[in-house]
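Comments concern the structure below.
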Amino acid sequence: ITDAARMWIPLPTTDSFQTVDVKSIEAPGKQQVLHEREHGNSVLFLTLGPQDSGKTIAMRFAIQRLEKGVYATQSPAPGQYLEPERLVPDNERFRSIAEKVVEDKKGDLVRARALYDHVIDRMRYMKYGSGWGKGDAVYACDARTGNCSDFHSYFIALSRAVGIPARFAIGAAIPSERNEGGIDGYHCWAEFYTDGRWWPVDISEGDKCSSLSTYYFGHHPANRIELSRGRDLVLEPGPASGPINFLAYPVLEIKGKPTNVKVEFSFNRNTSG
């Protein structure tokens, strides 16, 4: 860093399915915790200078996580999750596809399952070319490939197109086959709302393992951590580039220009009791 810089880092928060204990945050610069109101996220905001160049930021959390199933809503107005987002627009094509998929289906639960199956049938999990990984619903619809953010953005766009509120969340999946080590980066998922309850879904995981596709319609396993939820996150102060698309990796701006950050996730499972 040779100029003033600012960084935004997600802080996982406690909810009904995860209990978060902040063990340590080692970071240079001036620190401030920001609260994003629309979705209830907490974000660590750092103001950095040239003297902080090359320094490492280390954050340690102890997190207890439960399997997530269908749950009654805490929010009385899930209608906010029908509104379009920058990369999950409301357009005629999504309406046309969604209406065809849910034709003759009775009730939002059955309709949502039809949309879930449609996304699995239409898309392939593939990080190919350019455009994947942004959670761009139009790209996902056209390319029919992408990663978890693309799968779920497409599902959310289709759900909203037929009046089913749906929302996005992102974090990290903990490998179940070992008790420590690195994690391959972020993972994301979605939830849709019907009859006073939120239904968790993980379509990209259901696509990878067809025998688990029914499980992932209504469940998220315990081996994951939610870092933030929602899209187009508005923070004060926020990035010069505008609302944050989604927040799993730190957002760094130097002189108001986005800059890549090297990120490593690792975990150590507490196996004592």
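The values are calculated or read from the model by the stated rules, or taken from the named source; none is laboratory data. Since the structure is predicted, the reported quantities are computational estimates derived from the model, not experimental observations. All Cβ positions, glycine included, derive from the backbone under ideal geometry; neighbour counts span all protein chains shown. What goes into the accessible areas is simple: the full protein's heavy atoms, side chains included, and nothing from ligands, DNA or RNA. Shrake-Rupley method; radii C 1.70, N 1.55, O 1.52, S 1.80 Å.
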Item to check | region 1-22 versus region 111-161: alpha-carbon centroid distance in Å | outcome: 27
Checklist entry - Can you work out ³J(HN,Hα) from phi for every residue in region 199-215, in order, using Karplus 6.51 cos²θ - 1.76 cosθ + 1.60 and θ = phi - 60°, giving whole Hz and x for Gly and Pro? => result 10, x, 9, 9, 6, 5, 5, x, 6, 5, 9, 4, 5, 9, 5, 6, 4
Next on the checklist: I'd like the orientation of helix 92-101 relative to the chain: the angle between its Cα long axis and the longest Cα principal axis, in ° from 0 to 90, rounded to 10.
Outcome noted: 50
Item to check | Rounded to whole Hz, the Karplus (6.51, -1.76, 1.60) HN-Hα couplings of region 55-65, x for glycine and proline | outcome: 7, 9, 9, 10, 10, 10, 10, 9, 10, 9, 10
Checklist entry - How much accessible surface area, in Å² rounded to 10, belongs to the heavy atoms of residue 132 with a 1.4 Å probe? => result 90
Item to check | Value of [θ]222 nm, deg cm²/dmol, for the chain, DSSP H segments ≥ 4, -39500 (n - 2.57) each, nearest 500 | outcome: -5500 deg cm²/dmol
Next on the checklist: With a 1.4 Å probe and all protein chains kept in place, how much accessible area does residue 33 have, in Å² rounded to the nearest 10?
Outcome noted: 80
Checklist entry - So what's the angle, to the nearest 10 degrees on a 0 to 90 scale, between helix 108-122 and the longest Cα principal axis of the chain? => result 70
Checklist entry - How many nm is it between the label spots at residue 106 and residue 223, if each spot is 7 Å from the Cα in line with the beta carbon? => result 4.0
Checklist entry - What's the center-to-center distance, using Cα atoms, between region 201-233 and region 42-96 in Å? => result 15
